[in-house]
Amino acid sequence: MLVQLLRPASPIKHPHHLLSSQALRTHYDVVVVGGGMVGFGFAAFAGLQPMLRNKRILLVEGGPKKEYVKRPNHCVRVVAITPRSRSLLEGVGAWSEIENARYRAIQKMKVIENGTSASLLLERSNPNDVMGYIVENDLILSSLVKPVEKFAAESGTDARPGSIEVLYDTVVENLRMPKAFSDPDFPELSIRQRGTNEKTTIKTSLLVGADGFDSDVRKASGIHTIGWQHDQSAIIANLNLGPEYDYTVAWQRFTETGPIAFLPFGPERCSVTWSTTRSEAKRLMALSDEEFVNELNCHMSQPCYQPSGLVSALSNVIRMSVSKKQTSFVPPKVLSVQPGTRTQFPLSFSHCTFYHGPRVALIGDAAHRILPLSGQGVNMGFGDAACLAETINRSLFCGEDIADPRHLSHFTSERQRSVLPLGVFIEGIQALYAPDEVFGGPLKMDGPLASKLALIRRLSARCGVSDAVLSLRGLGLDLVDACIPLKQFLVEGAVKGRIHLPSSCWSA
């Protein structure tokens, strides 16, 4: 037997059966590589498209099927789902699975500047509207597997003349891609069950890469990628907090080495994402749980820096001109970290110049990877998945090939208009707040110019320029908080997962 195929029949029959290598088709209309949240999201969204009901779709996942089990403590990997993503999940019936399990609605976010009294309160114009939902990754994945299993059970019926198949524990090898859109060849790949040597070669009319930031599909397709490492890592963990904690509020504090974000699960519990330098992350990971909690509380409640001289005077003038009220945000106190939940991962930025190529499309981290500052990664991926499913449905409706280059080009344009502005904005925030040793990933340089820049920074520090920058950063945060239209622009951008720019910004 080669692999397990998810094709549940009626409840009284077998929930799945094994598919032999002889039963595998030699050609599929769509093959999706990667069975994470975004890969299954695409399969679910594609299953709803009327023009795809008679098409053969195969999803290949390298790992085993994950079963979500609700436990007293949350899984350490959680994401912030936007209302837009919730709507997409509702459309395929996945959100009801999440509602029946657990999630936490976020109504506000409080932001605190490092070393100043500056603060920012983010909330919707209607206080009853939510900014997002904190949900466990495994729960989202499990909720998306359900509709895909339902579509698979309908395969070969009047409702679905085509098929949807899912292969687990399956390795993809020997990817061969067409060189141009005019190339008559189809993408070809070999698949084998993990732990065996038996291979089966299949072809597809459209290959979808949902296989993450180190995407083999992207590498094989030769799509150019721009990216860099930030020389930073993010530490994540589950925390226990004091009883005074308002668990409808998310927190973000900017520190000298990077931001700290608290995402609430519920009463007295939250997830933390602490971005810092790699050397500092290594040190923090080596601490005991008690020492880690002490460091975290220290960074969340560090005292304010008091500017002096011209900077202080300018600060007071601007505060009075915008009638900025002094508010004192007191972040929640961490009581303990849940044992065994601390882990870390490196931070980087990457973006493909195109999200498509000859008979290939990239979605999620395979196409773009951003910092966790905004929590938009998986929301961008769901946007990609839904847009691609709608795009190929439209192409088929117009009588075109499922991988018609004009329609795939529209997919790239549509998604880059959402992804690029937000990605650039987040990189700008990173450059503004990052410590010198990680500042401006792509701007890192060696040689004489680097030495001169280092000298300028040392002189700036001696002259108090760094203090001025710190104060002006705080003023900027206060100005955003005082400017209601600008603040709502940012809030709605986060809620919708895109920053709207005029169409003229995209014209040639």
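Report note on the peptides 180-187, 162-169, 390-397, 377-384: ranked by the mean count of other C-beta atoms within 10 Å, highest first, their order is 377-384, 162-169, 390-397, 180-187. For the set K150/K203; K65/K146; K66/K203; K66/K150; K146/K199; K108/K333, the pairs lying more than 21 angstrom apart at their alpha carbons are K150/K203; K66/K203; K146/K199. The protection proxy used here, the mean number of other Cβ atoms lying within 10 Å of each residue, ranks peptides 333-345, 145-157, 210-222 as follows, highest first: 210-222, 145-157, 333-345. Projected label points at A159 and K66, each 7 Å from Cα along the beta carbon direction, are separated by 2.8 nanometres.
Going from the fewest other Cβ atoms within 10 Å to the most, the residues C387, C298 appear in the order C298, C387. Using the alpha carbons alone, the radius of gyration of the stretch 221-291 stands to its Kirkwood radius in an Rg to Rh ratio of 1.11. Computed over neighbours whose Cβ is under 13 Å from that of I106, the net charge equals +2, Lys and Arg +1, Asp and Glu -1. For R56, the residues 5 or more places off, or on other chains, whose built amide H falls under 5 Å of its own are D29, V30, S163.
Extension gain for the segment T201 to H224, taken as residue separation times 0.36 nm less the Cα-Cα distance, is 5.6 nm to one decimal. Taking amide H as placed 1.01 Å from N in the peptide plane, the amide H of R269 sits under 5 Å from that of L241, each at least 5 places away or on another chain. Each Lys or Arg adds one and each Asp or Glu takes one away; over the other residues whose Cβ falls under 14 Å from the Cβ of R53, this sums to +1. Figure legend: label point modelled 7 angstrom from the Cα of F213 along Cα→Cβ; residues of the stretch 72-93 with amide N under 17 Å from it are 77-80. Local charge for S190 was computed over the other residues whose Cβ lies under 14 Å away, with Lys and Arg +1 and Asp and Glu -1, and equals +1. Label points 7 Å out from Cα along the Cβ direction at V76 and F181: separation in nm? So the label points at V76 and F181 sit 4.5 nm apart. Between S409 and D246, what FRET efficiency comes out of the Förster formula 1/(1 + (r/R0)^6) with R0 = 30 Å and r the beta carbon distance, rounded to 0.05? Approximately 0.05, to the nearest 0.05.
Values in this text are rule-based calculations from the coordinates and carry no lab data. Keep in mind that what you see is a predicted model, and the values were worked out from it rather than measured. Cβ sites come from the backbone with ideal geometry, for glycine too, and all protein chains shown count toward neighbours.
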